[in-house]
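Peer 1: Please read through the structure below; I'll follow up with questions.
The values are calculated or read from the model by the stated rules, or taken from the named source; none is laboratory data. What you are looking at is a predicted structure, and each value in this text was computed from that prediction instead of being measured. Note that each Cβ is placed from the backbone with ideal geometry, even for glycine, and that neighbours are counted across all protein chains shown.
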Amino acid sequence: MIQDIRQDYKNHIEEAAEVIRSGGLVAFPTETVYGLGANALDDVAVRGIFAAKGRPGDNPLIVHVDGVTEAEEIAQMTDEARKLADAFWPGPITLVLKSRGGMQAVSAGLDTVAVRMPDNDAALSLISAAGVPIAAPSANKSGSPSPTTAAHVLSDFGEELMILDAGACEVGVESTVVDMTADVPSILRPGAITQEMIEEVIGEIACAPSFTPSDVEKPMSPGMKYRHYAPRAKMTVVEGDHVSVAEAIKYLYDKDIKGGEIPLAMISREHKKYYGRREVMVTGSYYSPAEAAERLYALLREADDGDYGSIYFEALPREGIGFAVMNRVYKASAYNIVRV
Ligand code: TXA
Ligand code: MG
């Protein structure tokens with residue numbers, strides 16, 4: 001059931017903390033997406049997360065903590081890790097570190113653990129009140145887009161699950177995951193904290209392959225081997241200068257209409273004017289990738305609820321968080337990309 005914690009905050013947090021302490025699951029907001037949480041130190045509870053999501057047991061979870069000291073208790077923070085935590089926590093960056101052991105289920109048997117301190121009052125209050133680190137993947141069933149509202153979580157898991165509702169997530173795409181265990185740290189998943197931002201703090205790092213279409217032939221990084229969300233409609237990303245992109249999308253759209261299909265264009269606000277009466281969803285401003293990040297998963301869910309046979313997505317600039325947005329969009333389209 002959804003509990004609106006904007007009312008009666010303290011009681012809702014206390015109640016949820018009690019559920020966590022007693023081995024249950026609670027969905028809670030973070031600044032990125034909603035998480036499905038359990039006591040990270042309780043293997044049985046953590047296995048409950050894998051079961052509820054239908055997640056493969058060899059795909060490890062992120063542990064959420066309420067401070068650097070708490071992170072140190074479960075992971076070995078290197079100097080560089082501490083610098084990143086100082087610079088970006090609380091915030092949307094997850095550090096993969098050597099584990100201090102004892103969290104088999106969370107780490108999926110690896111000797112490393114992924115840790116982050118979320119930038120969300122409800123999340124931090126819940127962790128503090130529970131008094132334990134909270135393991136939490138995104139609160140969606142494997143195969144759906146990550147949830148950015150409590151209603152998304154409800155639609156995947158139903159009324160049985162306790163869902164703390166604090167409104168829509170501000171960032172909208174999952175945290176940046178950085179592997180700090182190699183000699184040269186590397187980004188395993190792009191997010192709001194970009195490579196440039198990280199390099200300003202600790203110097204040069206690596207970016208795992210397979211984030212961009214030109215890289216997909218290269219070997220996949222560990223977290224990328226799992227099946228990802230794909231919309232029911234055939235999704236095509238169209239890339240190029242914006243006038244040619246609009247021409248191409250309109251051509252493909254009109255061809256689908258003639259073929260008796262229902263197409264949908266996902267496009268930026270500035271370029272909506274090109275599409276006339278065609279059916280469109282606006283991803284946000286072409287010049288503000290943060291807006292697209294915030295809306296992307298909700299739009300994909302909305303599109304899945306329609307009868308669309310095809311979705312044409314106007315590629316956005318891969319700048320700032322736009323890199324993470326396009327990484328998710330490429331994956332959703334199974335790298336089905338038209339360049340014009
Ligand atoms: O923003 C987020 O990170 C959200 C919120 C809820 O915090 N969580 C999230 O969790 O996206 P999840 O489970 O959907 O994604 C975790 C990612 C996966 O790609 C997983 O493979 C990777 O982190 N990961 C976790 N532990 C790891 C480890 N020890 N080594 C390498 N990758 C790891
Ligand atoms: Mg996920």
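This table checks each residue for (1) outside the structural domain of residue 175 (by TED's automatic domain parsing); (2) out of contact with any Pro (no Cβ under 9 Å at 6 or more places or on another chain); (3) not in a helix (DSSP H, G or I).
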| residue | (1), (2), (3) |
| --- | --- |
| 12 | no, yes, no |
| 16 | no, yes, no |
| 19 | no, yes, no |
| 24 | no, yes, yes |
| 32 | no, no, yes |
| 36 | no, no, yes |
| 41 | no, no, yes |
| 47 | no, yes, no |
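Peer 1: Select from the range 173-188 the residues that are assigned to a strand (DSSP E or B) and either without any contact (Cβ under 8 Å) to a residue 40 or more places away in the chain or more than 9 Å from ligand 1 (Cβ to nearest atom) (or both) and list them in ascending order.
Peer 2: 178, 186, 187 - these are the residues of the range 173-188 that are assigned to a strand (DSSP E or B) and either without any contact (Cβ under 8 Å) to a residue 40 or more places away in the chain or more than 9 Å from ligand 1 (Cβ to nearest atom) (or both).
Peer 1: One residue is enough: does the range 101-114 have a residue meeting the conditions in contact with a helix residue (DSSP H, G or I) (Cβ under 6 Å, 6 or more places away or on another chain), of a type in the set (Val, Ile, Thr), in the same structural domain as residue 174 (by TED's automatic domain parsing) and away from ligand 2 (no atom under 16 Å from the Cβ)? Break it down stepwise before answering.
Peer 2: Step one: list which residues in the range 101-114 are in contact with a helix residue (DSSP H, G or I) (Cβ under 6 Å, 6 or more places away or on another chain), which gives 104-106, 113.
Now narrow it down to the ones that are of a type in the set (Val, Ile, Thr): 106, 113.
Still in the list and also in the same structural domain as residue 174 (by TED's automatic domain parsing): 106, 113.
Pick out the ones that are also away from ligand 2 (no atom under 16 Å from the Cβ) and you get 113.
Yes - at least one qualifying residue is present in the range 101-114.
Listed here are the residues, each with its yes/no results for (1) without any contact (Cβ under 8 Å) to a residue 12 or more places away in the chain; (2) among the hydroxyl-bearing types (Ser, Thr, Tyr); (3) touching a helix residue (DSSP H, G or I) at 6+ places or on another chain (Cβ under 7 Å).
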residue: 13; (1), (2), (3): no, no, yes
residue: 17; (1), (2), (3): no, no, yes
residue: 28; (1), (2), (3): no, no, yes
residue: 32; (1), (2), (3): no, yes, no
residue: 40; (1), (2), (3): no, no, yes
residue: 51; (1), (2), (3): yes, no, no
residue: 79; (1), (2), (3): yes, no, no
residue: 92; (1), (2), (3): no, no, no
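Peer 1: Give just the number: which of (1) without any contact (Cβ under 8 Å) to a residue 60 or more places away in the chain; (2) part of a loop (DSSP other than H, G, I, E, B); (3) touching a strand residue (DSSP E or B) at 6+ places or on another chain (Cβ under 9 Å) does residue 85 not satisfy?
Peer 2: (2)
Peer 1: Within the range 38-52, does at least one residue satisfy the condition of being within 15 Å of ligand 1 (Cβ to nearest atom), touching a strand residue (DSSP E or B) at 6+ places or on another chain (Cβ under 9 Å), under 17 Å from residue 125 (Cα atoms) and of a type outside the set (Val, Ile, Thr)?
Peer 2: Looking for residues that are within 15 Å of ligand 1 (Cβ to nearest atom), touching a strand residue (DSSP E or B) at 6+ places or on another chain (Cβ under 9 Å), under 17 Å from residue 125 (Cα atoms) and of a type outside the set (Val, Ile, Thr), one finds at least one in the range 38-52, hence yes.
Peer 1: Among the residues of the range 62-82, is any within 21 Å of residue 31 (Cα to Cα) and in contact with a Ser or Thr (Cβ under 7 Å, 6 or more places away or on another chain)?
Peer 2: The answer is yes, given that some residue of the range 62-82 is within 21 Å of residue 31 (Cα to Cα) and in contact with a Ser or Thr (Cβ under 7 Å, 6 or more places away or on another chain).
Peer 1: Among the candidates 170, 204, 160, single out the residue that is closer than 19 Å to residue 54 by Cα and assigned to a loop (DSSP other than H, G, I, E, B).
Peer 2: On the way: 170 fails: closer than 19 Å to residue 54 by Cα; 204 fails: closer than 19 Å to residue 54 by Cα.
Only one candidate qualifies: 160.
Peer 1: Among residues belonging to the range 141-157 that are within 18 Å of residue 189 (Cβ to Cβ) and in contact with a strand residue (DSSP E or B) (Cβ under 8 Å, 6 or more places away or on another chain), point out the one that is farthest from ligand 2 (Cβ to nearest atom).
Peer 2: Looking at the filtered set, the residue picked out is 147.
Peer 1: From 151, 122, which residue is more than 10 Å from ligand 1 (Cβ to nearest atom), touching a residue at least 24 places away in the same chain (Cβ under 8 Å), farther than 21 Å from residue 85 by Cα and not in a loop (DSSP other than H, G, I, E, B)?
Peer 2: 151
Peer 1: Is it true that residue 79 is more than 13 Å from ligand 1 (Cβ to nearest atom) and either buried (at least 19 other Cβ atoms within 10 Å of the Cβ) or not assigned by TED's automatic domain parsing to the domain that holds residue 171 (or both)?
Peer 2: No.
Peer 1: Condition (residue is at pLDDT 95 or above, assigned to a loop (DSSP other than H, G, I, E, B) and farther than 30 Å from residue 288 by Cβ) applied to the range 91-108: is it met by at least one residue?
Peer 2: Checking the range 91-108: at least one residue is at pLDDT 95 or above, assigned to a loop (DSSP other than H, G, I, E, B) and farther than 30 Å from residue 288 by Cβ.
Peer 1: I would also like to ask the following. Could you check how many residues of the range 125-136 are out of contact with any Asp or Glu (no Cβ under 7 Å at 6 or more places or on another chain) and not in a helix (DSSP H, G or I)?
Peer 2: Number satisfying all stated conditions: 5.
Peer 1: Return the total of residues in the range 125-148 being at pLDDT 95 or above and either small (Gly, Ala, Ser) or near ligand 1 (Cβ under 10 Å from one of its atoms) (or both).
Peer 2: Of the residues in that region, 14 qualify.
Peer 1: Could you tell me whether residue 100 is among the basic types (Lys, Arg) and within 18 Å of the chain's Cα centre (by Cα)?
Peer 2: When the stated conditions are applied, residue 100 does not pass them.
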